[in-house]
Structure formats: structure tokens, C-alpha cells
Protein chains: 4
Amino acid sequence: MNFEFPLKELPAVMRGPRVERRRVLVGGSAYWGTIIEDGAEQGLLRLDDSRVVDPATVQHLPPVAPSKIIAVHISYSSRSFETRNQPKPTETPTYFTKPPTSINGHGCEILKPADSLYLNYEGEYAVVIGKTCRNVLPDEAWDYIEGFCPALDMGLQNYRDTDQGSMLRVKGADTLLPIGPGIVKGVNLFEQTLRTYRNGRVVQEAHIGDETIWGPHYVIADIARHITLLPGDVILMGTPCHSRSVDPGDVVECEITGLGRLTGTIVAIPAPRASALGVGHQPTDSPEVRRVAFGFDERVPARFKDNYVAAQKELKEKKT
Amino acid sequence: MNFEFPLKELPAVMRGPRVERRRVLVGGSAYWGTIIEDGAEQGLLRLDDSRVVDPATVQHLPPVAPSKIIAVHISYSSRSFETRNQPKPTETPTYFTKPPTSINGHGCEILKPADSLYLNYEGEYAVVIGKTCRNVLPDEAWDYIEGFCPALDMGLQNYRDTDQGSMLRVKGADTLLPIGPGIVKGVNLFEQTLRTYRNGRVVQEAHIGDETIWGPHYVIADIARHITLLPGDVILMGTPCHSRSVDPGDVVECEITGLGRLTGTIVAIPAPRASALGVGHQPTDSPEVRRVAFGFDERVPARFKDNYVAAQKELKEKKT
Amino acid sequence: MNFEFPLKELPAVMRGPRVERRRVLVGGSAYWGTIIEDGAEQGLLRLDDSRVVDPATVQHLPPVAPSKIIAVHISYSSRSFETRNQPKPTETPTYFTKPPTSINGHGCEILKPADSLYLNYEGEYAVVIGKTCRNVLPDEAWDYIEGFCPALDMGLQNYRDTDQGSMLRVKGADTLLPIGPGIVKGVNLFEQTLRTYRNGRVVQEAHIGDETIWGPHYVIADIARHITLLPGDVILMGTPCHSRSVDPGDVVECEITGLGRLTGTIVAIPAPRASALGVGHQPTDSPEVRRVAFGFDERVPARFKDNYVAAQKELKEKKT
Amino acid sequence: MNFEFPLKELPAVMRGPRVERRRVLVGGSAYWGTIIEDGAEQGLLRLDDSRVVDPATVQHLPPVAPSKIIAVHISYSSRSFETRNQPKPTETPTYFTKPPTSINGHGCEILKPADSLYLNYEGEYAVVIGKTCRNVLPDEAWDYIEGFCPALDMGLQNYRDTDQGSMLRVKGADTLLPIGPGIVKGVNLFEQTLRTYRNGRVVQEAHIGDETIWGPHYVIADIARHITLLPGDVILMGTPCHSRSVDPGDVVECEITGLGRLTGTIVAIPAPRASALGVGHQPTDSPEVRRVAFGFDERVPARFKDNYVAAQKELKEKKT
């Protein structure tokens, strides 16, 4: 990672104690709560009204309500190597956006329309902005971070051939941004490992400190050169190698040690009504679409492919 | 314009009576008001508290606060001809986004950082969504429109070489989306003419009904196939030919007959602090940047170029 | 009901066809949907993505996110008679507010802190504002209504002795405003009957057209004389006689024919931590508190009292 | 002030360095900026885009956009003595609310409808919440404060006879909550002095540390026992003695040393249209209304009355 890395001093948002805030639905009502970090109730969720619940038994809501979501295209060396055959994709980070309506919570559905062939996972960590931020330097940027979350930047790759690179329809559809389970601070992000799972098997893995090209401080300072970031805004920090397509019934997870494990299930929905009338770009299955949906197996560790295929096989057996 | 055009029946949002709502600052306080359509006070603004003010004498605020802003790349045949040498750019519309922090009001500043060479105007009409909208057909889409506004989709073209087509830094910077003066309904949009002015001279012009390729109903139905549009969301409907770069001191306006005339002034600001440290993509002046910033004069009516140059000359004389 | 009542003409928002919009959680993700009004799937919920679900099997979220909530103190003749021994409480309506954090959805928990003795139900109908509204006349006010919902204006009556009439702590606590299941338009509100249930037994009942003193048009025009109402704002229209206290385990419902049936369950939570330190007004059990919590049985139909007691008895038996 | 006062340790939000953030309109566009605290440009405002402007020359917007506003009825011993003839009004603080639509900025208009006789000033300090807050103890509450602002809690006292104590129409009308000029942290609030001015003459004055009965930590802990406070929420901390009515043309200011000086001008507007039809409670001039509008001169320092009358006299002379 460039730009003052390793950090001379760990920024406050990464120093302990660990604090994880979650937004959950208990008995049909929405509450904020804090994960209990030690003692007999460690790992349980203390609602703000003092009740303690097992977070495994409650529905989660997204812990953020951003006014904008900005995503780094490539920020992991393994992903750069896979897609571009070199360890750094571009001299400086590049970005796209997802609309706030794509936000989704832990334990969610991720929708795959009937006319779409490819829906790819991308496990990432998200940065949540805590204070209005514009025109800051990388060293100052840490002070504007509220915390970090696991995230899944899902993409309908059949729309890769349209939108001239903005990926609005690839990445912007409803439900395509599961995030959570909570917002975490007080954890040294650079010592954590990110893993994406398909049906319980690891299909992406990266040590964040070793493999990410740009840190969140750099990315915030870059974006805030021109764009004011507001409290609650979300920055998605890119995915490591082996983003691949998944099928209805698949359970996709992004786990980041220290942050938590985020789960979503792929669910089929009917094709949009207007698509039947021929309105808009129809899903395509071009070489470019397939290149992104399938990636380059020869440039990623073989175990990801093996796990991916094994998970797919199990899903098929389960369905039949 | 395709897809049931000419319309068999004018949709309610385009049928009279005309209603224009504005958000203004009077004596330092923000109010909503309605333009008076006839009688002795025609053209004045009746604040909701019954006071009547001359809208030319008050500061305007943006009449919208969208959760997302989606823009059509090209939707005018003249623009398609200029940039692609053919009357229709693609089979179906393509889109990019601007963040809500780019929103600006009538009578605003449009910021040009000191290290940016090219800041282009694009006069457009904007569609404001009135009701939550997902999975609708073009015929139904009209019911989800609140009204229409003039807009200026400004772009810092020096960032054209980065972001792989998303144009986040080209189109997303603070202040780059003046919109207003108000939201208008009850006007037949397809009978209106759009004009962009540089220092009072026409530099873009298009008859909306004759030249736009896709209507708002088609675009809404297209986007809402996958993305829920929320009340207040804004869709920018593309610009006609002759988008060009402007300089600090220039007054840029977008006038749409029946809707109103929107004004902004280009203002220089310092380069971002982080740019001096070399953070992020630095403004470039590549052939691709210049191609977009300068366009193709041979494919646009000569009077636009003449007016553009005359306006530029006057600005220089005024400065010296 | 006064002020042009019966209405000369039914306003558009009360004319058919009926439309009911709900916000639900399916598979952990939030969606908007519309109730199917006829045919084989009548009563089912069509999500905006075309899937059809049984609304009885999914979790509901609040269908509104108001910037403010204003409630009429008394707007039913039976309630006025109960509390003031006369058919009209005051010459003109009076109001209080509830904070947006009190909002709750259908099928929710309603929280009763351990140190509170009395938590009263009040079944009501809510009006949802659809357009920015200020300085309108009653006849015009109908155009600013988005729709209607059942609501439960719950109150912790032990805080009746503080706040000098604002009832912030009586009515403002988290979870004290269940609203839904959906927003409905196209129904003649004045022909509907409101019923509140405790554990399935009717404990409040009123024919809205016969018993309400002020219509929503009057109330909107009254408030909007000084206060701008924004889209999504909620007005609670008062409760009929026999508001009474309920206990943890009780299921409280507000049903309005034509609009739907809203359910909540009373749930005990610990007393606030600061209360143990003596911070703030402590719950009281004064004559005034008891007067409101228990009401005047001699001025309400006996069957309400009978049903209330029977429901209470069943709850106790169920608990033991 | 009770509850651990004097504080054993100054909370972080009151420790230096001082930071003041303002939201302003420059050239018609809205920006955030920070007051420069020392050096040659001390007192100027550095916009986030690096430009420096004189804050005296730019229009201010409200620095907050709260989801709710909660106000303490009485929290100053001088006000308690004036209105209740005793140094403490009640054992514990009591509260009312103002709707977010009442928010207004520095240098604003404060509207007085033509049918209202009395519009009273109340200079106060406001607390802005920085983090979601529920069920906290007073000692913990400091961590949830973003900063402090001067505020004017204006009231149309002619509506004192309605709303049964909630004061919705007294305190809730549009424009009745000027707040700003900015949000300040890093200042020891308890060492500051609050002054309200009518046309430049002091008409209220209080040393915050000496005269306030409850600190913000106590009030937050009290409210958050039942109500979740969200980032941006505003708490108004009460006014000292000598709230009095002002007239169109009067300039009212609230200055808090260390925080800034907030200005508003009283402006006449027509009576609401619906009032002419007799809709709603009409302004009254009862003994209770006059008691509050005029207060008790014999229980306040004579200089406030003298200054008030002198300022009134000057306004009349200026008008004639």
C-alpha cells in the first residue's frame, strides 16, 4: 500500500477498544445495539434499551443510510493481476458509484432477474464517513471515518456492454449492496483478512494490509479533492481476485476478521416487465461480459476455482 | 423520438394549467413559492405565506433534494451526430450518475479549480420523480413524474482520462449541477426549445420534440427495470450538440421555453490541497480530453461556434 | 363533523380505485409493494419486482418516514364526552407532536419500561401528506393528502404529570407510534369504522363519518396556517372513547375498515439506566395520571369495559 | 447547576482547540467552511474549497438539519424566578418540541403574521447531537454532543391559549428558530455569557455556568431514557429572564461569548388565508397571553426593561 504505509501511528479509528454498532429488527421493531465485547455475554447484542439478544436470531437492517456510495474499481494487487496482468491497475485509483437504493442488510436477499445470466460477487470492506469532509490531506482523512463494514459489491454482468463504463445497471440494481452486519471501529484494518464464501467455501481471500494498493485515507483525500463527503456516505474499497457469478440458492458471504461476517442469498425474480416490451438494453452474453463474469482462472490461486466449483456442485445436488 | 411518439394523448403532467414551484431565500430565510401565471402580477413569485416578490430580486435555492441523480449520456440527435457522426448513438440509452452534492441552484457559482483547464457546459432538461417507481412500462411512467426543470450538467473534462467511463470526477464535483429556477408541470415539453447561452449568446439550441431520441417515459421505464426511483430523484435528459468549455467570469445559462432560464457564473477556486501532494489522478490535457472539451465544430451549426467565440472575446475585453 | 360536511363532492384521494402501498421485509431485504385488489390473488401483495407474497407471512416496515408528526388531542365526540362530558372538547382543534423516532410498523413491539405502570392504546387514523403544503384553505387541503393509515398513538401515562402539557415523554418514546400496514387511497374515509382490539376483543369503536368533529381538510388547513407540511409528514386524527392501559403480552390492534388492521404486541423492557440514578421525572401514579390511564367507565359503552376486562383476564390465564 | 457540577473534568467537546463550522451561501451556492482562529485572517471563514471570505458579507444557512428539536421549558434560575417566583421551576426539567420546519439561519427573517400581536424572543444555547444516543448516563452524555450554537426560540404568544400546553402554534411556526451562525466545539460553555439584544440593546443576560439549573449532559440523559436522539438533533437549553415581544423592523440577536452572535429581523406577513375563514384557533389577547408576552418586570433587573423600551422607541422613530 502506498502513501505513508506502514502508518507511522495507528489512527484513532483503528485503535481500541473495539465498538460494533448494529441496526436490527426485534419483534418487528427497529433498534440500534452494541455488540458485547467481553464477559459471559461476549458476542451478544445489547440493544440500546438494555435488552440483550443473540444477533444470530434477529433480522439485520443496513447499518448505514448513505447519501452517496463511491466504489474503487480495483484496489487489490491480486485483482489487478487477474484482470490486467500487472500488480497495479492504474497510477491512481478510479471510481464508480452505486445508488443508495442498492443498499441491503446482513441476512438479505440478492435479486437475480430471470433474464440475467451472470450475477457476480465481490467481497469488500466499506468505509463509513463520520463527518463532512472536503479538501483534506491523507493524514487528516482518518479523522473523518466513522468505521468499517464488510460489504458485497454484487454486479449483474450482463449489463457490462452498456452504460459506457459507468456500470449503472451492472452495479446499481436494487439489493446489490449488502453491507454489515454492523459498523466497527477500534480494529486495525490492515491486520485483517477478507474472505468471500460461496455456500461456505472460500472463493476470495486477501490480507488487507499486504494486498491493498490504496488505503482509505488516500481514497478519501482523492475523492474529497472535488466532492464533499457527508456523514453516512459509504466508500467501497475494491475486491481481491476471483469475482465470479453465482446462482439462485447460493449463499454468498463476505467475512472480514475483526469486522464480522455478512451473508446474502441469491434469489430469482421475474424479468422486468418493460424488458418484455424491448425497452432498454437487453442482457447480453458477449465476450466482454463473459470475460468479466468468468475472470481469468489461470491468474488466481487454484483453490478458489476448486471451492467455487465444489460449492456450485453442492447447490445443484441440493436443488435436485 | 421513439416509443409511442408523437404521444396519442398528452400525459397529465404536461397538460395545463402551468404550475411552477420555486425555493428561494428572502431576507435570509428559505421559502417555497409559486409563480403567478396571469393578471397584473404575472411572473412574480407568491411565497406560500402570501407575500409577493419579484423572483429576479431574490436568491434561489435548488428546488430538489434528490437521493440520486441519473443522467442520459446522449439523447439528442444533434449531439449524437456531433460526437459519433450518426443520428442515434446507441440502440438504447446509456447512463451515468452525479452525486447529490453536485446540486446547485439558479443564480449560482460553478466552481473551476485552478488546475483544471476545461469546464464544459451542457444545457439539459431534468425530470423530477414524484412517486416511488419500479418496474413500470413507458405508458405508466408519466404518472411518476413530478415536473421538469432546466439544468446545466457541467463537466471538468480534464478528468476524462480517469474513472474508466463513470465520469465521477468529470461530472461529480461540488456545484456541477445547477438546476431550476423552479419545478414546472402543465407544459407540453415536446413543444419547447432548449437554448444554452454563454454571456448572453446562444451556443446550444434544440427543439425538444424534434430532436430528442428518447422521451422521459422511456428512460424512466428503462432505469426502473432494476432501480427504484424515489420521490425527488432527478433524471438528466442529455444535451444537444456544441458542449464547450468556459472560463471564470463566464455566465452560462440554460433556457427552456415554458420552463424558465437558469443562470450560473464560472468562478475560479484554488486547486485541491491534496493535488499538490500528488494525490489522485491529476488533470490531463490528452487528445481524448480535448476531443470532448472542444467537440467537432465541423458537425455543428456555425452560428454556435461564432457566438461562442464572440462571447469569449467579450469576456476577455471585460476582464482587461 | 363541521366545515362543509357532508362533503359536496368526494375528493380525489377518497375516490377509487383503492390503492394500498406497503413497505415489507422479504428474505431480509426491504421492498415496496401493492396489494392486489381483485382476481384470484386478491389480498396478496405484489412486490414492485413482480413477485407475489402473502402479506400475512412477511415482516412490515413503517410505510412512512415523516419529518414531523402532529396529533389532534381530541377529535371524536365520544372521546370528548368521556373526558370532558360534552360532545365537543374545544371550539377548535388542539395539537401535540410525536418525534419521528416513535414510528413503528405493523407487527411490531411496543415497549413498556419496567418502571412504567400505564401504557395506553389509542386507535386512530393517520393522514399522510403528499405535497409541500402551507397557507391552504380546507377545500384545497385534500389535494395535499397522499393517503391514510391505521395508527396506534400509544402513551406512557405515568409521565402525564411532567412536560406541562406537551406530553413529550407520554407520547414520544421510541416505538409508541405503530402505523400501517400500508398507505391507502381511493377509500371514502367517512364511511369507515375504526376499531381497537385488545387480544382480539373490541375496546374502542367509532364510525368515522358520524363521530369525528374535524375532518383532515380542516386540520391540515388549520396547521398549515403557520407550519409548512412536507411530503411524508403525518397527522394523527385523534381517538374515540375508552383509551385504556395494557400490559406486556397484550396484542393491541387498530383496524379501520377499508384501510387495514394494524397489530402490535406490548413488550417489557428494563427501566432506563439513568432513572436508577434519579435523573429526570420519575413515573408517577397521581390522580391525574390515573384519571387519564383509566378514563371514565360510566361515560363509555359498557361492552368496551367488558371486553377490556375479559381480554385482560385471558392474558393473565395465558401467562400462568 | 446540579448533577456533578462543577464538572470534575472538562469534557472533550468543551476542551480546545475551538472549531466553528458554518454553512453559508457564496455567490448563490451553499458551502461549509471553518472560522480561522488565529493569524492575520482570524475571524474570517475558510470555505472547504480553500477560499477565504468575510463571514459578515455572506448569507448564512442553518448549520443543522435536525430530525427533531426538543426544548427545555425553564433552565435558568432568573427565568424561574421571574415566572414562578422561585429559583427552580420544577424538580426535574420539562420539555416541548419545535418542528424542523421552524429552523432558520443567521441573518434571517422572523415572520410575524398580521393577526398576531405578540412575538417573543428567547435567547438560548442549543446543543447539537453528534451520535445516535439512547439510554446513557449524564457522565456518558458528553460524548454524544457535536457542538453548541446560539439560538432564538421565538414564540407567537397569541396562541398560548390553545394546544393545551404543547405550544405547537406558539413555538412551531415557520422561521421561529434562528440558529447559528455556526456550530462550535472546544469552548467551555459554563464560562460563557448569553445576551439577547433588541436593536443593539441588551434585553436578556445570563452567565451560563452560574445561572443554568441543568447542564446538557443531564438533559440528554433525561430525554434519552425513552427517546433515541439522532445525529443532528437539536436541544434548546432554555432562556433567562425577560423574554418580551418585539415588532416588525426590530433586530433581535442572541450572542453567546465564545459561540457567536446570531441575528434575525422581525418581518410582517399577511394573516393566514384560512384564518379569515375562521379556521382554527384565532389569536387571543387573554390575561394568560399577556402574562407570558409581558412577563413580570418587577422580578427582572430594571436595565433590561429600560433597554427594551429604549430600543422600541428608536424603532418607532426610525419608522416615522
Item checked: Search result, residues across the stretch D:78-116 that are of a type in the set (D, E, K, R) and closer than 24 Å to D:Leu177 by Cα -> D:Arg79, D:Glu82, D:Lys98, D:Glu109, D:Lys112, D:Asp115
Margin query: Only one of D:Leu194, D:Leu156, D:Leu168, D:Leu177 is surrounded by 24 or more Cβ atoms within 10 Å (Cβ to Cβ) and out of contact with any Phe, Trp or Tyr (no Cβ under 9 Å at 6 or more places or on another chain). Can you tell me which?
Written below: D:Leu177
Note to self: Tell me yes or no: at least one residue of the stretch D:122-132 is within 16 Å of D:Ile235 (Cα to Cα) and of a type in the set (Lys, Arg).
What the structure shows: yes
Notebook entry, point to check: B:Asp143 fails exactly one of the following numbered conditions: (1) more than 10 Å from every other protein chain (Cβ to nearest Cβ); (2) crowded, with 22+ Cβ neighbours inside 10 Å; (3) part of a helix (DSSP H, G or I). What is the number of that condition?
Noted result: (2)
Notebook entry, point to check: Consider A:Thr196 against the criteria (1) on the phi < 0 side of the Ramachandran plot; (2) within 14 Å of chain B (Cβ to nearest Cβ): it satisfies all of them except one. Which criterion is unmet?
Noted result: (2)
Checklist line | Qualifying positions in the stretch A:253-280 - within 14 Å of chain B (Cβ to nearest Cβ) and either surrounded by fewer than 17 Cβ atoms within 10 Å (Cβ to Cβ) or among the hydrophobic types (A, V, I, L, M, F, W, C) (or both) | finding: A:Ile269, A:Pro270, A:Ala271, A:Ala274, A:Ala276, A:Leu277, A:Gly278, A:Val279
Item checked: The one condition in (1) assigned to a helix (DSSP H, G or I); (2) within 14 Å of chain A (Cβ to nearest Cβ); (3) of a type outside the set (Gly, Ala, Ser) that D:Phe81 fails to fulfil -> (2)
Notebook entry, point to check: Consider B:Leu7 against the criteria (1) within 30 Å of A:Val170 (Cα to Cα); (2) modelled with pLDDT under 95: it satisfies all of them except one. Which criterion is unmet?
Noted result: (1)
Item checked: Condition met for A:Pro138 (out of contact with any helix residue (DSSP H, G or I) (no Cβ under 9 Å at 6 or more places or on another chain) and either crowded, with 23+ Cβ neighbours inside 10 Å or farther than 17 Å from A:Pro283 by Cβ (or both)) -> no
Notebook entry, point to check: In the stretch D:84-102, which residues are within 19 Å of D:Leu229 (Cα to Cα), away from chain B (no Cβ under 14 Å) and not in a loop (DSSP other than H, G, I, E, B)?
Noted result: D:Tyr95, D:Phe96, D:Thr97, D:Lys98
Checklist line | Positions within the stretch D:103-118 being surrounded by 24 or more Cβ atoms within 10 Å (Cβ to Cβ) and either more than 14 Å from chain B (Cβ to nearest Cβ) or in contact with an Asp or Glu (Cβ under 7 Å, 6 or more places away or on another chain) (or both), in sequence order | finding: D:Leu111
Notebook entry, point to check: Is it the case that the stretch C:217-229 has a residue that's without any contact (Cβ under 8 Å) to a residue 60 or more places away in the chain, over 16 Å from C:Asn307 (Cα atoms) and crowded, with 24+ Cβ neighbours inside 10 Å?
Noted result: yes
Item checked: Meets criteria (under 26 Å from B:Gln282 (Cβ atoms), in contact with a Pro (Cβ under 7 Å, 6 or more places away or on another chain), of a type in the set (D, E, K, R) and modelled with pLDDT of 95 or more) for A:Lys112 -> no
Item checked: Odd one out for B:Gln282 among (1) out of contact with any Ser or Thr (no Cβ under 7 Å at 6 or more places or on another chain); (2) more than 30 Å from A:Ser102 (Cβ to Cβ) -> (1)
Notebook entry, point to check: In the stretch D:209-239, how many residues are over 21 Å from D:Lys98 (Cβ atoms), away from every other protein chain (no Cβ under 14 Å) and in contact with a helix residue (DSSP H, G or I) (Cβ under 7 Å, 6 or more places away or on another chain)?
Noted result: 2
Checklist line | All positions within the stretch D:110-153 that are more than 26 Å from D:Val203 (Cα to Cα) and touching a Cys at 6+ places or on another chain (Cβ under 8 Å) | finding: D:Ala141, D:Tyr144
Next item on the list: Please verify whether the stretch D:161-177 includes one or more residues that are away from chain C (no Cβ under 14 Å), part of a strand (DSSP E or B) and at negative phi.
Entry: no
Next item on the list: For the stretch B:55-72, indicate whether the set of residues that are surrounded by fewer than 21 Cβ atoms within 10 Å (Cβ to Cβ), among the β-branched types (Val, Ile, Thr), in a strand (DSSP E or B) and more than 14 Å from chain D (Cβ to nearest Cβ) is non-empty.
Entry: no
Next item on the list: Tell me which of these B:Ala293 doesn't satisfy, since it passes every other one: (1) under 30 Å from C:Ala30 (Cα atoms); (2) under 19 Å from the mean Cα position of the chain (by Cα); (3) small (Gly, Ala, Ser).
Entry: (1)
Note to self: Quick test of your reading of the structure: D:Gly180 fulfils all but one of (1) without any contact (Cβ under 8 Å) to a residue 24 or more places away in the chain; (2) at positive phi. Name the failing condition by number.
What the structure shows: (1)
Checklist line | Qualifying residues in the stretch B:198-216 (those that are touching a residue at least 60 places away in the same chain (Cβ under 8 Å) and part of a strand (DSSP E or B)) - the one farthest from B:Glu124 (Cα to Cα) | finding: B:Arg201
Check: From the set of residues in the stretch B:119-138 that are closer than 29 Å to B:Pro11 by Cα and among the hydrophobic types (A, V, I, L, M, F, W, C), which is nearest to the other protein chains (Cβ to nearest Cβ)?
Finding: B:Leu137
Note to self: Condition check: over 14 Å from the mean Cα position of the chain (by Cα), among the polar types (S, T, N, Q) and within 20 Å of B:Lys98 (Cα to Cα). Does B:Ser166 satisfy that?
What the structure shows: yes
Next item on the list: Please specify each residue of the stretch C:287-320 satisfying the condition of being polar (S, T, N, Q) and either modelled with pLDDT of 95 or more or crowded, with 16+ Cβ neighbours inside 10 Å (or both).
Entry: C:Asn307, C:Gln312
Notebook entry, point to check: Just one of the numbered conditions (1) under 27 Å from A:Gly260 (Cα atoms); (2) in contact with a His (Cβ under 8 Å, 6 or more places away or on another chain); (3) not acidic (Asp, Glu) is not true of A:Ile129; which one?
Noted result: (2)
Check: Just checking, which of A:Glu20, A:Glu37, A:Glu9 is closer than 25 Å to A:Thr263 by Cβ and away from every other protein chain (no Cβ under 14 Å)?
Finding: A:Glu37
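The values are calculated or read from the model by the stated rules, or taken from the named source; none is laboratory data. Treat the numbers as computed from the prediction; the structure is a model and nothing was measured. Cβ: placed from backbone, ideal geometry, glycine included. Neighbour counts: every protein chain shown.
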